[in-house]
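The values are calculated or read from the model by the stated rules, or taken from the named source; none is laboratory data. Owing to the predicted nature of the structure, the values given are computational and were not obtained by experimental measurement. Virtual Cβ from ideal backbone geometry, glycine too; neighbours counted across all protein chains shown. Note: accessible area is taken over every heavy atom of the protein model, side chains too, but ligands, DNA and RNA are not part of it. Shrake-Rupley method; radii C 1.70, N 1.55, O 1.52, S 1.80 Å.
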Amino acid sequence: MAELDIAVDQSKMQVSDEVAIEMRDVHKWFGDFHVLKAINLKVHRGERIVICGPSGSGKSTLIRCINRLEEHQRGEIFVDGVELTSDLKNIEQIRREVGMCFQHFNLFPHLTVLDNLTLAPLWVRKIPKAEAEEAAMVYLERVKIPEQAAKYPGQLSGGQQQRVAIARSLCMNPRIMLFDEPTSALDPEMIAEVLDVMVGLAESGMTMICVTHEMGFARKVANRVIFMDVGEIIEENEPEEFFHNPQNDRTKLFLSQILSH
Amino acid sequence: MTDTAHQSHQPGHHPDLPPPPSTVGLVGWLRSNLFGSPANIALSLVAIYMIWLLVPPILNWAFASAVFGGSDRYACDMGRSASRLGEAIRVINLQDLEAPETEKAIRESGQFLDQLVEALDAGSEAVPAGLANHLEGVDLTALGDDLSAAFESGNIDAIKANTQILQPIIDWGAAYDGACWTFIGVWFKQIMYGRYPDDQVWRINLAFLLLIATAGPLFVEKFRFKAPLSVFLLIIYPVIAYYLFSGFDRAAVVAWPLRLMGSTALALAVLASLPFLQRLRERSDLLSILLLVLVPIWGLSAGATWTSGILTGAAGWATTVGVALAVVPPILLFFGGRMPGWRDVIHDRYLPIIIGVAILVFIGFALPIMNWDEVAGPTPPMAMAVTPAALCMAAMASWGYDPRESKAPGALTVVLLPVYLVIAYIVFVGPPDLLNFGAFDWNWNARPAFQAISVTLPFVETPLWGGLFLTLVIAGVGIVASLPIGIVLALGRRSDMVIVRILCIAFIEVWRGVPLISVLFMASVMFPLFLPEGMNFDKLVRVLIGVTLFSSAYMAEVVRGGLQAIPKGQYEAAQALGLTFWKSMSLIILPQALKMVIPGIVNTFIGLFKDTTLVLIVGLFDLLGMVQLAATNPNWLGFSTEGYVFAAFGFWIFCFCMSRYSQHIERKLHTGH
């Protein structure tokens, strides 16, 4: 596992007492399959949380429940104090506050990079076009690809696409960012540029929940690491403790496998 | 040991060299495309031989030997007459000049020469080019005289000499095979416009010119007002075109603006009532369920009363409005998935609203084609019944109208509805002194007010429409209407809502599983049987609806194919950004899905365009129908080939243009991924 070669300034990352996300006894089933079991999780504003675990452990499902891409079937989820119910109004409100990046970027291939970025601000936030484009350019600068604004996603490399995807989420001014394995589909050369952007985001004080296997990132940026298996949160600790002194046998096995490479 | 000749460049510094000469240019093209391999050579030679075999005779038939001008079939019959003359001359018995064959030959030659002279007088266009070559230096009039003189005198040598002069022309006649475009020229107007009155044809031309003039700018890349122009083309142009095509009787002149007003007020009332329903739902689920159940029941019962013949004329129309009022909001709500609020209506839910308005406008269009003279008559209790209903809507509208979120449509509804109601009252029920319904004269034309405003285009009934014009009307309406309906059906078929899904699947499978001919037959023959006596839905409208629904079922499946090809991630990304269902559909999913299935969509369009010929079986004469009609005219028997070739060419031109345009669009939308 390559160490993250980026200077991280932990002092900038302040965690407040305000609760950003709270999950209480959340359960979810896919048909008969019990994917999430009694999940209890409290995320404070400014926290950076990394969720790891073997595939099929429910980590993606967990974060997808937060912006209702998946519907939980028992328990309660509060985002910014608003409870997620089947009321579309709440869902739309929460989705506006929660940004999400996907493993396969999911950029809109029929729109230019700039149009990808301004689409939601224009149609959801109803911001005037000039203003939205100006903001989009600011975020493109921040992810260091302003020169690609007029291109189509298909003309960009994977790392660039993922950075555009991050910028696209940021254009909605979210208070919480969810990352669903953002580097898993990337070549090693491109992982660094994406992590770089994510570190920058963490330094700006964004509340982040990342499903990732980038342990270097977890060690340097996260203030909490969560290990999931078979739909449960097995272990939850600060990164130093988590990596050097795992408590649960399942965690130890997982870490030994993932860190031995 | 190294070979220095092949080491002239440092690694990584090899210059770009030109390709070998035999792989580029004409030679390269011929080599790679026509003569690449033995099989390729053989196929190329066979193809070239086939072309040589087929193309020259076709070109000869269509152009070189064809007759273009003239106003009757004589010019075209020149070949036949010549060969008949040859036949007559061949059987002359020179030993017995008194025999009947000789007399026939004299008669034939006289007739033929007369025809020839006549044709030459008419102009060079009326004579096939091949024949003109043989006529050089021949004095036809003198030849005719010489020939008959020779026969009379029994001078065999003179007869031989004169028939010798005729021989090349006779040979030409025996071999002649040329098209008679005179046939098309003479019937051209009918093939284009059907039986539309001659002095009114300008209306069709004007409408199509207007279409070209307004649609043209849409194809200009940098034109800035595409959106308003599209709205004009889709909403206002059909009204203008309909007015031009059909004209209006006096009643319709009054009824039409009313209907438009009614439709507008209706649409606005629906819009205004949505937030009201939303509020109701917030207060009580029971109430909203009641509303959602009762309103359609009221609408359906009103509709049933209408169709059962108790309500006709104005009352029937008013009831239809009621039905639309009752049916449209639940549909909108159903598709919207929840009760939308004002902002949603204006900003988020615009797609179902557009669909709703389109339905209303369609109703507004379809109704005037009903035969009002026959319908107007009985008492209008329902007009009075609808008035409170409309008032109710107005109340709902004003209740739903929130001044804090001031939105013009709400205010407009509140203002428009009473105005509309007052006018509707006067028109439907009559001025206050005519409250006695029994004495009221429902014949529109008899009312002095309508007499005064009778400056109208003469009414041209749809049975007179025909030819290419009718083809374009049917295909145009079908194409424009089937795409949105198909999209809605495709979305419905993929919906999570079970009832919507089942309804859509049933609709698609039924319409797709039935032959178009039987649809048309049902529409034209069976449907009227279910209507009350005296009520008459125009046949063309029924056919249009049949064709549209038929092709929209196909369209739905094509669009669904596109929707299925969109990765789930696109839906999720759109959702994660907070886009509503309709917005993610219209901004993200449909643009990609439709782009992907452009070939399929155009395929359906082309199929629809050609299927319009089937309307022949219900007695509408489209392009092909008119050609067939002309070809069976007793004076023009024998020219069906020309007719069919012309009709085929007409269809081909339009279909080919559609195909080329779709390819252009595909290239333009390609974003390189």
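Quick look at the numbers
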| quantity | calculated |
| --- | --- |
| Among the candidates B:48, B:89, residue that is of a type in the set (A, V, I, L, M) and under 40 Å from the mean Cα position of the chain (by Cα) | B:48 |
| Residue list for the stretch B:191-207, filter: open to solvent by 60 Å² or more (accessible area, probe 1.4 Å) and either of a type in the set (Lys, Arg) or in contact (Cβ under 8 Å) with a residue 40 or more places away in the chain (or both) | B:195 |
| 1 or more residues closer than 30 Å to residue B:58 by Cβ, more than 14 Å from every other protein chain (Cβ to nearest Cβ) and under 26 Å from the mean Cα position of the chain (by Cα): qualifying helices (runs of 4 or more DSSP H) within the stretch B:556-673 | B:598-611, B:623-631, B:640-669 |
| Some residue of the stretch A:185-196 being charged (D, E, K, R), part of a strand (DSSP E or B) and open to solvent by 10 Å² or more (accessible area, probe 1.4 Å) | no |
| Enumeration of residues in the stretch B:641-660 that are open to solvent by 40 Å² or more (accessible area, probe 1.4 Å) and in contact (Cβ under 8 Å) with a residue 12 or more places away in the chain | B:641, B:644, B:645, B:646, B:654, B:658 |
| Search result, residues across the stretch B:141-188 that are open to solvent by less than 40 Å² (accessible area, probe 1.4 Å) and without any contact (Cβ under 8 Å) to a residue 24 or more places away in the chain | B:142, B:150, B:158, B:162 |
| Every residue from the stretch A:94-103 that is within 8 Å of chain B (Cβ to nearest Cβ) and surrounded by fewer than 21 Cβ atoms within 10 Å (Cβ to Cβ) | A:96 |
| Hey, residue B:514 of a type in the set (Val, Ile, Thr), surrounded by 14 or more Cβ atoms within 10 Å (Cβ to Cβ) and in a helix (DSSP H, G or I) or not | no |
| Of all residues making up the stretch A:203-215, the number that are open to solvent by less than 40 Å² (accessible area, probe 1.4 Å), under 17 Å from residue A:162 (Cβ atoms) and modelled with pLDDT under 90 | 1 |
| In the stretch A:164-181, the residues that are over 15 Å from residue A:98 (Cβ atoms) and surrounded by 24 or more Cβ atoms within 10 Å (Cβ to Cβ) | A:164, A:167 |
| Identity of the residue in the stretch B:612-623, in contact (Cβ under 8 Å) with a residue 40 or more places away in the chain and over 13 Å from residue B:473 (Cα atoms), that ends up surrounded by the most Cβ atoms within 10 Å (Cβ to Cβ) | B:614 |
| Tally, over the stretch B:89-140, of residues that are assigned to a loop (DSSP other than H, G, I, E, B), over 29 Å from residue B:59 (Cβ atoms) and open to solvent by 90 Å² or more (accessible area, probe 1.4 Å) | 3 |
| The stretch A:52-69: number of residues that are more than 10 Å from every other protein chain (Cβ to nearest Cβ) and either in contact with a helix residue (DSSP H, G or I) (Cβ under 7 Å, 6 or more places away or on another chain) or not in a loop (DSSP other than H, G, I, E, B) (or both) | 10 |
| Close pairs (9 angstrom Cβ cut-off, 6 or more residues apart or separate chains): more than 13 Å from chain B (Cβ to nearest Cβ) and assigned to a strand (DSSP E or B) in the stretch A:78-89, modelled with pLDDT under 75 and surrounded by 12 or more Cβ atoms within 10 Å (Cβ to Cβ) anywhere | none |
| Counted residues, the stretch A:137-156 - those being small (Gly, Ala, Ser) and within 13 Å of chain B (Cβ to nearest Cβ) | 2 |
| Those residues of the stretch B:51-82 which are among the polar types (S, T, N, Q) and buried (at least 17 other Cβ atoms within 10 Å of the Cβ), in sequence order | B:65, B:81 |
| Qualifying residue in the stretch A:53-72 (condition: more than 28 Å from residue A:221 (Cβ to Cβ) and open to solvent by 20 Å² or more (accessible area, probe 1.4 Å)) | yes |
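Residue by residue, here is whether (1) among the charged types (D, E, K, R); (2) more than 26 Å from the chain's Cα centre (by Cα); (3) within 15 Å of residue B:546 (Cα to Cα) holds:
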site: B:472; (1), (2), (3): no, no, no
site: B:489; (1), (2), (3): no, no, no
site: B:492; (1), (2), (3): no, yes, no
site: B:499; (1), (2), (3): no, yes, no
site: B:504; (1), (2), (3): no, no, no
site: B:508; (1), (2), (3): no, no, yes
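A quick yes/no check of all residues on (1) open to solvent by 60 Å² or more (accessible area, probe 1.4 Å); (2) at pLDDT 80 or above; (3) among the polar types (S, T, N, Q):
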| site | (1), (2), (3) |
| --- | --- |
| B:436 | yes, no, yes |
| B:439 | yes, no, no |
| B:444 | no, no, no |
| B:455 | yes, no, no |
| B:467 | no, yes, no |
| B:491 | no, yes, no |
| B:502 | yes, yes, no |
| B:525 | yes, yes, no |
